[in-house]
């Protein structure tokens with residue numbers, strides 16, 4: 001009880017009174033919650049609930065960043081970076097952000113489109129010669145066994161990669177004969193295969209669905225990352241560093257935690273609090289993968305990702321640095337799933353069920369039906385490691401929540417943090 005009261009008191013002090021302090025390295029100018037339209041009492045609940053769950057052993061620790069109308073309302077650390085070692089969480093802690101990598105890889109591809117080096121609606125085979133030119137689509141029986149293959153009705157396009165409508169599914173997300181031919185996911189592929197081996201295997205395997213027919217979570221952004229490498233003759237990390245990370249001041253974002261920063265890398269609880277079973281964090285980002293998987297292998301901090309998310313809110317610009325044009329940014333953040341597309345976004349993340357999908361991220365198309373509070377046009381895409389973020393343009397709101405909770409608890413915290421932030425808004 002003493003620990004719980006202490007953590008709650010620290011959370012309350014940090015979220016309410018500490019918001020006026022201008023700390024070195026803040027991604028945005030500071031403002032108090034009250035100045036930005038939040039109730040002080042209700043805003044304090046956010047920290048109190050996080051601190052309570054840390055004290056109850058439900059999560060090791062977390063970093064929360066909240067910004068509104070270009071002002072930093074909160075950047076707070078809770079609990080432990082490494083609970084087993086007794087190391088406290090700090091706001092500069094580095095997290096494996098898993099699928100939060102996907103929007104960054106999308107931006108990399110769109111910068112090349114703006115340079116005239118790729119066209120979003122052209123075939124992938126135009127940029128990766130010898131691959132995906134004559135794809136086959138599996139015909140399955142009711143039990144998931146493959147009866148035969150048929151030619152794809154059209155080639156896979158770059159747009160298909162960015163919208164998860166390519167038919168290149170994650171193997172770990174199903175039990176059909178097709179799923180068994182694919183790697184389980186992005187991190188698993190990058191750990192086991194080189195980039196060339198990965199592309200060879202995918203281009204030889206049958207697709208689960210016809211290109212453009214079904215939103216189904218898969219390897220589209222990993223292929224996109226390797227396409228970026230082919231066009232730039234550089235690693236995905238190097239190109240993103242030059243085109244996105246450096247201009248935005250994202251100094252702790254990349255595809256591996258370097259040795260000199262390894263002490264700042266967060267660890268999950270050794271056992272899943274819900275099941276009691278041992279859990280491991282994949283990928284372990286202190287170790288190099290065989291290739292920089294654009295679908296799930298990046299690391300970042302709450303401050304860095306807040307910069308990236310704010311750039312998207314600002315239609316491609318942050319702190320005087322333009323990454324994308326306003327038109328291209330609006331295109332990325334617009335729903336790309338027409339009525340002819342089978343929408344299975346909720347099968348990948350139940351908290352985003354009934355969202356539409358832009359390029360590399362989910363986009364809300366309706367005020368109701370969906371599970372989360374927000375506004376039409378809000379956009380996001382979280383990470384399987386427990387990291388999460390969203391932007392609500394109607395409220396000029398940006399939220400980043402970093403925690404290593406790789407089990408089902410991650411969905412709980414997506415609902416919880418979303419509710420806690422919105423209940424605090426008064427105007």
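The values are calculated or read from the model by the stated rules, or taken from the named source; none is laboratory data. No experiment lies behind these values; they were computed from the predicted model shown. Quick reminder, even Gly has a Cβ in these numbers, built from the backbone with ideal geometry, and neighbours come from all protein chains shown.
Test residue 359 against the stated conditions and say whether it is touching a strand residue (DSSP E or B) at 6+ places or on another chain (Cβ under 9 Å) and either at pLDDT 95 or above or assigned to a helix (DSSP H, G or I) (or both). So that I can check it myself, show each step before the final result.
Details: touching a strand residue (DSSP E or B) at 6+ places or on another chain (Cβ under 9 Å): no; either at pLDDT 95 or above or assigned to a helix (DSSP H, G or I) (or both): yes.
It is false that residue 359 is touching a strand residue (DSSP E or B) at 6+ places or on another chain (Cβ under 9 Å) and either at pLDDT 95 or above or assigned to a helix (DSSP H, G or I) (or both).
Can we say residue 350 is modelled with pLDDT under 95 and closer than 24 Å to residue 173 by Cβ? No: the conditions fail for residue 350. If you take the residues in segment 210-230 that are assigned to a loop (DSSP other than H, G, I, E, B) and out of contact with any helix residue (DSSP H, G or I) (no Cβ under 7 Å at 6 or more places or on another chain), which one is nearest to residue 152 (Cα to Cα)? Within segment 210-230, the match that is nearest to residue 152 (Cα to Cα) is 210.
Which one of these is at pLDDT 95 or above, over 28 Å from residue 379 (Cα atoms), out of contact with any strand residue (DSSP E or B) (no Cβ under 8 Å at 6 or more places or on another chain) and surrounded by 18 or more Cβ atoms within 10 Å (Cβ to Cβ): 262, 289, 268, 243?
289
Confirm whether residue 121 is within 25 Å of residue 348 (Cβ to Cβ) and assigned to a helix (DSSP H, G or I).
Values: within 25 Å of residue 348 (Cβ to Cβ): yes; assigned to a helix (DSSP H, G or I): no.
The answer is no for residue 121.
Hey, can you tell me all the residues within segment 264-277 that are more than 17 Å from residue 384 (Cβ to Cβ) and free of Cβ contacts under 8 Å to residues at least 12 places away in the same chain? Correct list: 271, 276.
Just to check your reading of the model, which residue among 201, 172 is under 24 Å from the mean Cα position of the chain (by Cα), free of Cβ contacts under 8 Å to residues at least 24 places away in the same chain and either part of a helix (DSSP H, G or I) or at negative phi (or both)? Steps first, answer last, please.
Numbers: 201 fails: under 24 Å from the mean Cα position of the chain (by Cα).
After applying the criteria, what remains is 172.
Could you list, in sequence order, all residues of segment 412-427 that are surrounded by fewer than 18 Cβ atoms within 10 Å (Cβ to Cβ) and under 15 Å from residue 371 (Cβ atoms)?
First, pick out the residues of segment 412-427 that are surrounded by fewer than 18 Cβ atoms within 10 Å (Cβ to Cβ): 412, 415-416, 419, 422-423, 426-427.
Listed by number, the residues that qualify are 412, 415, 416, 419, 422.
Taken together, the criteria exclude residue 159 from residues that are surrounded by fewer than 19 Cβ atoms within 10 Å (Cβ to Cβ) and modelled with pLDDT of 95 or more. Within segment 390-414, if we keep just the residues that are more than 16 Å from the chain's Cα centre (by Cα) and part of a helix (DSSP H, G or I), the residue that is modelled with the lowest pLDDT turns out to be 409.
Name the one entry in 110, 147, 128 that is at pLDDT 95 or above and in a loop (DSSP other than H, G, I, E, B). Before the answer, list the steps.
Details: 110 fails: in a loop (DSSP other than H, G, I, E, B); 147 fails: in a loop (DSSP other than H, G, I, E, B).
Checking each option against the conditions leaves just 128.
Please go through segment 415-426 and give me each residue that is outside any helix (DSSP H, G or I) and either at pLDDT below 95 or closer than 22 Å to residue 51 by Cβ (or both), ordered by number. Outline the logic, then answer.
Applying the first criterion (outside any helix (DSSP H, G or I)) to segment 415-426 yields 424-426.
Within segment 415-426, 424, 425 qualify.
Annotation: of all residues in segment 197-233 being touching a strand residue (DSSP E or B) at 6+ places or on another chain (Cβ under 6 Å) and more than 21 Å from residue 103 (Cα to Cα), the one that is surrounded by the fewest Cβ atoms within 10 Å (Cβ to Cβ) is 210.
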